[in-house]
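Before any comments, here is the structure.
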Amino acid sequence: LRKPIAFIIVLMGIKAASYVLTDDIGSILFMGRIFWGLLNLLIFWIIAIIGDFIFDILTAKFFKRPSAAINMIDLGRRLFRISLLIILLLILLDLCGANVNAVLASLGIGGAALAFASKDTIANFFGSVSLVADRPFAIGDWIIAGNVEGVVEAIGIRSTRVRTFPKTVISIPNSILANESINNMSKMPLRRNDFVVGLTYSTTPDEIEDIKKILTDNLDVDNNTFSVRFVDFGASSLDIKVVYYARGIGYDENAKTRQDVNIAVMRAVLARGLSFAFPSRSVYFENPMPKA
């Protein structure tokens, strides 16, 4: 604040000196308008500095845990500066003798026409406000919205950018995203996996206990939520349904857990001398083919 305050002190000195330098009423009034215009400019400079200081504090507070609030802070900073600029221009126009009421009336009519022409932009703006207020996701979250799946990279005023797994970027208008059902996959405490083991009819019931022990011994599997059930006599196999929840929800972590469990199940089956069933069919000829 040193520079604007120093300028205000200098300006006050020039204002005081002007009364000594001239006694012409017209000159004094003209210099008075210049003085009040410059004084308002310096005051708004001080307000802008204080506003930026407050927004910097908010940004530093939320920067440690990136979220949509950072985008809202940037939006608030821009609106704050634009509002200051508009108010300052109106004050300067008033000092210059312009009819501010007429200017405001024209701005109202022009604003209505602009709002009608940019209704999609306004809808996207309020959509971004809704996303920041509800916080269905944050930057870095893995989401599924409609037919779009990927990681949120940025939440802007108009749209939200999502980095898909094929490494493309999709920009979704916030007005659409605010009305879309959003599945936030990053909020999963555990990730569900399930598969069916089809074993031959020579399998013993002990095999089910082997699979339970595999899941219990695996540290990456939640031991309180898995299920191993003999569910069906299949056409060519005994079907064992396995459902478990992995602690790592990321793709690589989950894929490693699935691989470890699958390999362990294969080893357990082979260790008992059993084999996995696969679809097969036997054809029997009851009567020999007639001779020609």
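The values are calculated or read from the model by the stated rules, or taken from the named source; none is laboratory data. Because the structure is predicted, anything quoted here is derived from the model rather than measured. Note: ideal-geometry Cβ built from the backbone for every residue, glycine included; neighbour counts use all protein chains shown. Areas reflect the complete protein model, heavy atoms only, side chains present, ligands, DNA and RNA absent. Shrake-Rupley method; radii C 1.70, N 1.55, O 1.52, S 1.80 Å.
Structural remarks
- Listed conditions (1) closer than 17 Å to G250 by Cα; (2) in a strand (DSSP E or B); (3) open to solvent by 50 Å² or more (accessible area, probe 1.4 Å) are all met by R161, apart from (1).
- Among the residues of the stretch 249-264, those that are modelled with pLDDT of 90 or more and either in contact with a Phe, Trp or Tyr (Cβ under 8 Å, 6 or more places away or on another chain) or open to solvent by less than 60 Å² (accessible area, probe 1.4 Å) (or both) comprise N254, A255, T257, D260, V261, N262, A264.
- Within the option set I240, I263, I249, I211, being under 27 Å from V148 (Cα atoms) and not acidic (D, E) holds for one residue only, I249.
- Restricting S186, S202 to residues that are polar (S, T, N, Q), modelled with pLDDT under 90 and not in a loop (DSSP other than H, G, I, E, B) narrows the list to S186.
- Considering only residues in the stretch 118-147 that are exposed (fewer than 15 other Cβ atoms within 10 Å of the Cβ) and not in a helix (DSSP H, G or I), the one that is modelled with the highest pLDDT turns out to be N147.
- Check on W36, open to solvent by 90 Å² or more (accessible area, probe 1.4 Å), of a type in the set (F, W, Y) and at pLDDT 85 or above: no
- Matching entry among A277, A246 (being surrounded by 15 or more Cβ atoms within 10 Å (Cβ to Cβ), over 21 Å from K187 (Cα atoms) and in contact with a Leu (Cβ under 8 Å, 6 or more places away or on another chain)): A277
- Pairs where the first residue, in the stretch 256-278, is closer than 19 Å to D194 by Cα and the second is open to solvent by 50 Å² or more (accessible area, probe 1.4 Å) and aromatic (F, W, Y), C-beta under 7 Å, 6+ apart: V269/F276
- P166 satisfies every condition listed in (1) closer than 19 Å to I263 by Cβ; (2) not in a strand (DSSP E or B) except (1).
- Qualifying position, being exposed (fewer than 15 other Cβ atoms within 10 Å of the Cβ), modelled with pLDDT under 80 and in a helix (DSSP H, G or I), among K3, K61: K61
- Condition met for V152 (surrounded by 13 or more Cβ atoms within 10 Å (Cβ to Cβ) and assigned to a strand (DSSP E or B)): yes
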